Amino acid sequence: MHTAIIIGIGLLVLGACLLGGQVFGGAAGLARAALWFLPLWLLGAAANLIVGVRSAGYGVSEELPVFLVVYCAPALAAALLWWRLRPQ
């Protein structure tokens, strides 16, 4: 359940990035915002990994697959949005 919540948070952060891109950059800003989301979400997913290792007591080898899912699901959405919204 925690993994689904974190993925949902990632999608909300993506939405916030897209909203900021629309406000500050118009249509071209949307594609740029989707790309800026990727390193931002990498930091967020890494923070979740660190919390899982330190607080929950899981090992890095146990948390790494969860990290990949938590990062890749919103990152894939951002990459697809970038692909659809990029200037031609």
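Here, each number is a calculation from the coordinates, and none is a lab measurement. Bear in mind the structure is a predicted one, so any value in this text is a computation, not a measurement. Here the Cβ positions follow ideal geometry from the backbone for every residue, glycine too, while neighbour counts run over all protein chains shown.
Going by the structure shown, is Val70 surrounded by 17 or more Cβ atoms within 10 Å (Cβ to Cβ), in a helix (DSSP H, G or I), among the hydrophobic types (A, V, I, L, M, F, W, C) and more than 9 Å from the chain's Cα centre (by Cα)?
No: the conditions fail for Val70.
I need the full set of residues from the stretch 29-66 which are assigned to a loop (DSSP other than H, G, I, E, B) and aliphatic (A, V, I, L, M), in order please.
If we filter the stretch 29-66 for residues that are assigned to a loop (DSSP other than H, G, I, E, B), which is where we start, we get 55-59.
Residue satisfying the conditions is Ala56 alone.
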When you look at Leu14, is it surrounded by 15 or more Cβ atoms within 10 Å (Cβ to Cβ), in contact with a Pro (Cβ under 6 Å, 6 or more places away or on another chain), hydrophobic (A, V, I, L, M, F, W, C) and in contact (Cβ under 8 Å) with a residue 60 or more places away in the chain, yes or no? yes
Mind checking whether some residue in the stretch 78-86 is among the charged types (D, E, K, R) and either at positive phi or not in a helix (DSSP H, G or I) (or both)? yes
Only unsatisfied item for Phe24, checking (1) in contact (Cβ under 8 Å) with a residue 12 or more places away in the chain; (2) aromatic (Phe, Trp, Tyr); (3) farther than 19 Å from Val69 by Cβ, is (1)
